[in-house]
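Worksheet: one structure, shown below.
The values are calculated or read from the model by the stated rules, or taken from the named source; none is laboratory data. Just so you know, these numbers come straight off a predicted model, no measurement behind them. Don't worry about glycine lacking a Cβ; one is built from the backbone with ideal geometry, like all the others, and counts go over all protein chains shown.
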Amino acid sequence: MKKSIIIFYLISSLFALLMAASGMAKLTGQEDLVQATAELGYPVYLLKILGVAYLIGAISILQPKFEALKQWGYTGFSIALIGAAASHLLAGQAFSTALPAIVLLSVLAVIVFLNTKLVHP
């Protein structure tokens, strides 16, 4: 059981760090993200809003004290990733453009499942 909990925390931490890196990329206005956002028809300033939200979400997932805050972080990322995947697919783009969001959403589902079963049974 201890090994499973260690794996859970490792995957959860890596996910949070990946989302924090994504948040920083959005905040710094990386050209590929700006272009993708414009192609989807969203205003570019949305990247700043999402960047801040991603950083707050990553911090909420990594903090150990408040479980409710952690759950809100998971929820926020679920909504963001569902929205990202749906945006690409509904805009008529290739499935491969939505695949990273779908993979991350799947990883997030595993994290939430493991959190429910292992950490807080």
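Exactly one residue out of LEU99, LEU50 is surrounded by 17 or more Cβ atoms within 10 Å (Cβ to Cβ) and not polar (S, T, N, Q): that is LEU50. Residues considered: GLY23, GLY73. Of these, the only one that is surrounded by 17 or more Cβ atoms within 10 Å (Cβ to Cβ), touching a helix residue (DSSP H, G or I) at 6+ places or on another chain (Cβ under 9 Å) and within 20 Å of PHE113 (Cβ to Cβ) is GLY73. Of LEU69, LEU89, LEU118, LEU108, all but one fail to be in contact with a Ser or Thr (Cβ under 9 Å, 6 or more places away or on another chain), over 25 Å from ILE11 (Cα atoms) and part of a helix (DSSP H, G or I); the exception is LEU89.
Just to be sure, is ALA58 at pLDDT below 95, under 15 Å from the mean Cα position of the chain (by Cα) and hydrophobic (A, V, I, L, M, F, W, C)? I'd like the intermediate steps shown before the answer.
Values: at pLDDT below 95: no; under 15 Å from the mean Cα position of the chain (by Cα): yes; hydrophobic (A, V, I, L, M, F, W, C): yes.
No, not satisfied.
Would you check which residues across the range 50-68 are among the aliphatic types (A, V, I, L, M) and farther than 19 Å from ALA91 by Cβ and list them? Steps first, answer last, please.
If we filter the range 50-68 for residues that are among the aliphatic types (A, V, I, L, M), which is where we start, we get 50, 52-53, 55-56, 58-59, 61-62, 68.
Residues satisfying the conditions are VAL52, ALA53, LEU55, ILE56, ALA58, ILE59, ILE61, LEU62, ALA68.
Taking each residue of the range 36-49 that is farther than 14 Å from ALA91 by Cβ and in a helix (DSSP H, G or I) and looking for partners that are at pLDDT 95 or above and charged (D, E, K, R) with beta-carbon atoms closer than 8 Å, six or more apart or interchain, yields LEU47/LYS26; LYS48/LYS26.
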